[in-house]
Amino acid sequence: MGIDLSAAAPHLVAAAAAPRALWYATRATGVVALLLLTGTVLLGIAGAGWPRRDQDGTGHGPQRPGGPMTRLVVAGLHRNVPLLAVIFVAVHVLTTVIDGYVPISLVSAFLPFSSPYRTFWLGLGAVASDLLLAVVATSLVRPWLRYRAWRAVHWLAYVCWPVALAHGLGTGTDTRLPWMLLLEAASVLAVATAVVWRLANSRRPRTLAQSAAPARITSGDRS
Amino acid sequence: MPEHARAAARQRDDRLALIGRITTGIAGSAMAAALTFAAAFAHAIPGHAGPPPTSPAGVSGPGPSSTGSAPAGGTSSAPAGGTDQHTGQLAPPPQHPAATQAPSQATSGGS
């Protein structure tokens, strides 16, 4: 059974055509950005709620998986993954604007509810990208900010993620795809589980070892 | 430098290197995922290589999540030989931007 290249060639050429490639790049980078945001939120919750324990209870013994070095890795990833998300969001925005099939300007991508095309749902995307930029920018300049100010902005991450999810659900014509629904449902389930875990963990009484554990081993990504 | 401080510094360096490796892995995975998603979307969704609707009245589907009950080529009188393979799947954006009026020669060929 051979492959009819003469029949397939026009489709391959069409698939590689720039406008269509941008159209699919917009969708793909949007999904990946949402997944990276989900991972960022999960890492933030894990870094904040992860119990600091050691095996002998003194605060100086061998570390369990929740020890300061594990927290260091979690905090490091919590710093790096959102930067990746920003890159994908940037590509998502640029491909949308350059594609030109829908009238979305670069201003509309950052000024909420200013686009004539699906004003509300695209506005949510603009809100999410603005919040993401605010959270990432304030984290990058955190040494020069007061902790309370940084933390106040950082809490916006909990708004950014659901807004981005709503943007994807409302804007995309791809949301009826079963695997897209599965991805979004899995993201919601993962974040909901992490939030419940953190709330349950935060209600446990702090042990002496926890209070004695070094509090500033990382740069303090306690979301 | 005391031995235990040196060991702690070494352990910290190891963890920082681990962070770098994991981050690189995540970045590579994200790129691969983006390509995979793009291919999956290209397979499932017609895209906009076909003719956009000529007027809002001609739009098929109720809104953003239109399932494209009408074939993608349904808004044109394209010849049968150049139809979209992805018809019957999801529809492209139903709203037609004013700035990109469909050229008169446009058909759904090759999309």
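We did not get these values from a lab; they are worked out from the coordinates using the rules stated. Since the structure is predicted, the reported quantities are computational estimates derived from the model, not experimental observations. Cβ placement follows ideal geometry from the backbone for every residue including glycine, while neighbour counts extend to all protein chains displayed.
Would you list A:180, B:1, A:69 from fewest to most Cβ contacts within 10 Å?
Least to most surrounded, the residues fall as B:1, A:69, A:180.
What's the average, rounded to a whole number, of partner chain beta-carbon atoms within 10 Å of each residue's beta-carbon in A:77-83? Don't skip to the answer; put the middle values down first.
Values: counts 5, 1, 2, 7, 5, 0, 2.
If you average over the peptide's residues, the count of other-chain Cβ atoms is 3.
Going by average Cβ density within 10 Å per residue, which order do the peptides B:24-35, A:116-127 take, highest to lowest?
My ranking of the peptides, most packed first, is A:116-127, B:24-35.
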